[in-house]
């Protein structure tokens with residue numbers, strides 16, 4: 001993210017070149033008419049590669065990725081839940097990450113979409129809101145649908161070939177207040193998909209800045 005900040009003036013500004021795959025990914029996620037879970041269908045191959053290596057990789061057990069990313073297609077070792085959580089995390093945290101890049105790692109004020117909305121009874125900021133949990137379920141359904149499409153198979157084969165022929169980001173790293181939403185008293189019965197239960201409650205995941 002830091003590589004996409006214009007520091008030529010006193011006030012740092014965003015500098016997202018749509019011809020850069022990472023910048024194109026940011027622009028895509030920010031587009032209100034797009035849904036990031038559709039990246040399998042909408043994204044270019046290079047955007048897809050940026051997403052997988054920067055956003056999806058941190059949700060996968062490193063040993064699993066290390067042993068299978070060149071021998072198996074992505075959907076053979078990455079669960080729908082892993083992929084859905086990566087999408088949700090990017091959607092939730094993107095504006096916060098951009099703010100931190102523009103403000104020397106300073107934190108924004110409630111920029112996350114689905115986490116940290118108000119405080120629980122023990123005084124700690126809340127984790128995922130009900131809207132965030134519902135969004136996770138919706139993303140799971142869409143990813144399950146897209147995984148059966150030809151375009152998904154093509155993208156998975158393309159990125160596997162890239163990893164076999166070249167080194168990706170993974171290989172380079174290896175080598176080198178108030179109750180805002182009222183969820184405390186939420187009475188609605190809601191069942192979250194099983195794969196969500198092992199994910200962090202604060203909506204964060206480690207993403208390597210570029």
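The values are calculated or read from the model by the stated rules, or taken from the named source; none is laboratory data. In this text the structure is predicted, and so the values were computed from the model without any measurement. Here the Cβ positions follow ideal geometry from the backbone for every residue, glycine too, while neighbour counts run over all protein chains shown.
Can residue 148 be described as surrounded by fewer than 16 Cβ atoms within 10 Å (Cβ to Cβ) and at pLDDT below 85? No; evaluated as a whole, the condition is false for this residue. Restricted to helices (runs of 4 or more DSSP H) entirely inside the stretch 39-124, those with at least 1 residues that are over 19 Å from residue 159 (Cα atoms) and either over 19 Å from the mean Cα position of the chain (by Cα) or modelled with pLDDT under 80 (or both) are 80-102. Every test in (1) in a helix (DSSP H, G or I); (2) under 21 Å from residue 30 (Cβ atoms); (3) at pLDDT below 95 is passed by residue 143 save one, and that test is (3).
Just one of the listed residues (76, 91) is crowded, with 18+ Cβ neighbours inside 10 Å and either in contact with a helix residue (DSSP H, G or I) (Cβ under 8 Å, 6 or more places away or on another chain) or closer than 21 Å to residue 115 by Cβ (or both), namely 91.
Is it the case, given these coordinates, that residue 22 is under 17 Å from the mean Cα position of the chain (by Cα), surrounded by 16 or more Cβ atoms within 10 Å (Cβ to Cβ) and either closer than 19 Å to residue 136 by Cβ or modelled with pLDDT under 90 (or both)? Yes.
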